[in-house]
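Remarks on the structure that follows.
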Amino acid sequence: MDIDTKEPVRKPAPAPQKKTGFFQSLMESIFKASNPEVEKKRRLKIIAKNYQKCRYHNFYKTSSLEVMPPLAKLFFDIYKIISPAQTIFRTNDNPALFKRQILNYSLSEKQTALLEHFDEAYIKSLANQMPLEQLKDKISQEILDFSNEFNGERIVKTENLLKAFMLFKDFCCFDYYLFLKKFSPHMVENNFSMTPAFSKINGEYVVDDLKDFLAVAYNITDEKILWDDLFEYLKSTRGSELVPSGTWKKIVAKIRSIQASEAFELMIQHITQNPVYAPHVSFDVEPLIEPYLDRITDETNAILSKINTAQKDAKASDLCGQIFGNADLNSLKNYVSSTNDLLGKKNLKSFQYCEPLNYLKTFILEYVKKDIREFYEVVVIRGQWDPSLSGPMSNAYQDLLKTSDQITNFDNDLAEDGTLGTKIKTLLPKTQHDPGAENIINRVVEDSNKLAHSYLLQSTQGLVTIAKTLKLLIEDYVKPKPVMVQNWRELERYIEHPMKEFSVNIYKKIYLFVQLMQQYLSN
């Protein structure tokens, strides 16, 4: 490979300029200011002279604006060296994969071991062995331990390795073949058995290619880049350096030499007749470690959330079976999950409490208005006990009946002919072209969810009040001398079932139902 890395020859000191008279200088400055084309031509002549004096003057012929074969030979030599790396990068052009490989390479032994603990299958297996809250604490601590292994030195080294890799990759992936084919039309891609015969060509044909090349080439000249770390990584993970490290350093030295001479900038300025052209060189690498740690946290939280949902669903299903048995649970018609299918297709917000509100309505119909009503009408109405003790239970019962009516009205409002349902039905087709319609529907859904949540919360609190009083009543009933209710024996005549068994069954149903509601209200 003919890549000379000697320092550029120093330019001779410019000859002293002849002094000009005041009026002559004044006229020249006025003439130039009023004739920008003259000034442009003068600057282009200076650019041509400077280029002819630079070390790489054989790359370009200023008199004819032609790019010469020696430039093509330089690109061919580079292409021949980086071709194996280019083939691999083009075959596996996956930035996310490259980043993941660099991260895995940079992990400590402790981090490598901990990484297995963030696997979904592993976390699910632990969920069968310990309470979810304990599992959450364990995973959080392990993520913290994993993060702490990234000390300042490891972070800097990893981030620098990624930068070196990306600069190396971008340089190797420049389309050298397309560039060279303009000098040798019959050239075969990746055929290096012999050097093609390159012809001189008009600079306009390759000037854009030269600009693109500078954008990747000048980035590799940064002296802060630790190329040894990169080639150690490549050898460790891929079995080879892809490009011999010593040869790569010669390429870097060659590019530095060209950059110092400003040969390519002068060529481009002269070819494009643009004296103010300057190469656009910038390279920003997104942070690697922080997003990586955030992703691990997000992924493990998502797994734990999935487990939590699955456990809640399983528990809710079990509780529903114990509470309702084979009873029909379709008590609502409009605030239902099937409506969410329509809302989801439009990327709108969805009803959040369809299942629990449906359960609440069913529970009120099946138990509050039957068994609890029977108990209430006998024990609370006919019982002889202190109103201050019976009052909370009585109020809670009456509130449950009111809530039942409110839920019915709420559900009817969401029907197609209801106040809110009509609004949703009318605005739904307009959401694609009218953001206002989308906002209105989302507000209706949000307000509906808030109202549904209030029904659930208030009713659950009411049932807890009833259950607490009911527990005291059961305890009072079995006493030899009751304290709360004076006429238990009289009340037994008005109930077809044994009082204690009847009361205990109601208490159990309420207890199970409150547990069911907690599955949804604890989110």
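The values are calculated or read from the model by the stated rules, or taken from the named source; none is laboratory data. This is a predicted model, so every value here is computed, not measured. Every residue, glycine as well, gets a Cβ built from its backbone with ideal geometry; the counts of neighbours run over all protein chains shown. Just so you know, the surface numbers come from the protein's heavy atoms only, side chains and all, with ligands and any DNA or RNA stripped out. Shrake-Rupley method; radii C 1.70, N 1.55, O 1.52, S 1.80 Å.
Within segment 318-328, the residues that satisfy the criterion of being at pLDDT 90 or above and surrounded by 12 or more Cβ atoms within 10 Å (Cβ to Cβ) are ASP318, LEU319, CYS320, GLN322, ILE323, PHE324. Within segment 81-128, the set of residues being open to solvent by less than 50 Å² (accessible area, probe 1.4 Å) and small (Gly, Ala, Ser) comprises SER83, ALA85, SER106, SER108, SER125, ALA127. Residue pairs whose Cβ atoms lie under 8 Å apart, separated by 6 or more positions or on different chains, with the first residue in segment 147-169 and of a type in the set (Val, Ile, Thr) and the second outside any helix (DSSP H, G or I), are THR158/PHE150; THR158/LEU288.
Of all the numbered requirements in (1) farther than 30 Å from LEU266 by Cα; (2) in contact with a strand residue (DSSP E or B) (Cβ under 8 Å, 6 or more places away or on another chain), VAL67 misses one, and that requirement is (1).
Give the residue that is most open to solvent (accessible area, probe 1.4 Å), with candidates limited to residues of segment 282-305 that are of a type in the set (Val, Ile, Thr) and part of a helix (DSSP H, G or I).
Top of the filtered list is THR297.
Do the conditions hold for PHE76, that is, is it touching a Ser or Thr at 6+ places or on another chain (Cβ under 7 Å), modelled with pLDDT of 95 or more and open to solvent by less than 60 Å² (accessible area, probe 1.4 Å)? Yes: the conditions hold for PHE76.
Where in segment 82-162 are there helices (runs of 4 or more DSSP H), lying wholly inside it, with at least 2 residues that are of a type in the set (Phe, Trp, Tyr)?
On the way: elements: 95-106, 109-115, 120-127, 132-148.
In segment 82-162, the matching helices (runs of 4 or more DSSP H) lie at 95-106.
The residue that is nearest to HIS270 (Cα to Cα), counting only those in segment 235-247 that are touching a residue at least 40 places away in the same chain (Cβ under 8 Å) and crowded, with 18+ Cβ neighbours inside 10 Å, is VAL243. The helices (runs of 4 or more DSSP H) located wholly in segment 423-523 that include 3 or more residues which are open to solvent by less than 20 Å² (accessible area, probe 1.4 Å) and modelled with pLDDT of 95 or more occupy 435-477, 499-521. Quick one: count up the residues across segment 361-391 that are part of a helix (DSSP H, G or I), more than 28 Å from ASP328 (Cα to Cα) and either polar (S, T, N, Q) or open to solvent by 60 Å² or more (accessible area, probe 1.4 Å) (or both). Qualifying residue count for the region: 6. Among the residues making up segment 213-234, those that are closer than 13 Å to PHE264 by Cβ, of a type outside the set (Gly, Ala, Ser) and over 31 Å from the mean Cα position of the chain (by Cα) are PHE213, LEU214, TYR218, THR221. Scanning segment 150-183 for residues that are open to solvent by less than 50 Å² (accessible area, probe 1.4 Å) and of a type in the set (S, T, N, Q) gives a single hit, THR158. Just the residues that are touching a residue at least 60 places away in the same chain (Cβ under 8 Å) and assigned to a loop (DSSP other than H, G, I, E, B), please, taken from segment 258-281. Those that are touching a residue at least 60 places away in the same chain (Cβ under 8 Å) and assigned to a loop (DSSP other than H, G, I, E, B): GLU262, THR272, GLN273, PRO275, PRO279, HIS280, VAL281.
Restricting the search to segment 129-148, which residues are among the charged types (D, E, K, R) and open to solvent by 50 Å² or more (accessible area, probe 1.4 Å)? Reasoning before the result, please.
Of segment 129-148, the ones among the charged types (D, E, K, R) are 133, 136-138, 142, 145.
Matches in segment 129-148: GLU133, LYS136, ASP137, LYS138.
When ILE220, ILE201, ILE255 are checked against the criterion of being at negative phi, touching a Ser or Thr at 6+ places or on another chain (Cβ under 9 Å), in contact (Cβ under 8 Å) with a residue 24 or more places away in the chain and of a type outside the set (Ser, Thr, Tyr), ILE255 stands alone in meeting it.
Among the conditions (1) in a helix (DSSP H, G or I); (2) under 30 Å from LEU107 (Cα atoms); (3) open to solvent by 30 Å² or more (accessible area, probe 1.4 Å), GLU223 misses just one, which is (1).
Search segment 35-73 for residues being among the basic types (Lys, Arg) and in contact (Cβ under 8 Å) with a residue 12 or more places away in the chain, and hand back the single one that is nearest to ALA260 (Cα to Cα). Outline the logic, then answer.
Initially, segment 35-73 is screened for residues among the basic types (Lys, Arg), giving 40-43, 45, 49, 53, 55, 61, 73.
With the extra rule that they be in contact (Cβ under 8 Å) with a residue 12 or more places away in the chain, the set shrinks to 40, 43, 53, 55, 61, 73.
Numbers: LYS40: 24, ARG43: 20, LYS53: 13, ARG55: 10, LYS61: 20, LYS73: 20 Å.
Filtering segment 35-73 for residues that are among the basic types (Lys, Arg) and in contact (Cβ under 8 Å) with a residue 12 or more places away in the chain, the one nearest to ALA260 (Cα to Cα) comes out as ARG55.
Residues in segment 170-183 that are assigned to a helix (DSSP H, G or I) and touching an Asp or Glu at 6+ places or on another chain (Cβ under 9 Å) were compared, and the one that is farthest from SER106 (Cα to Cα) is LYS181.
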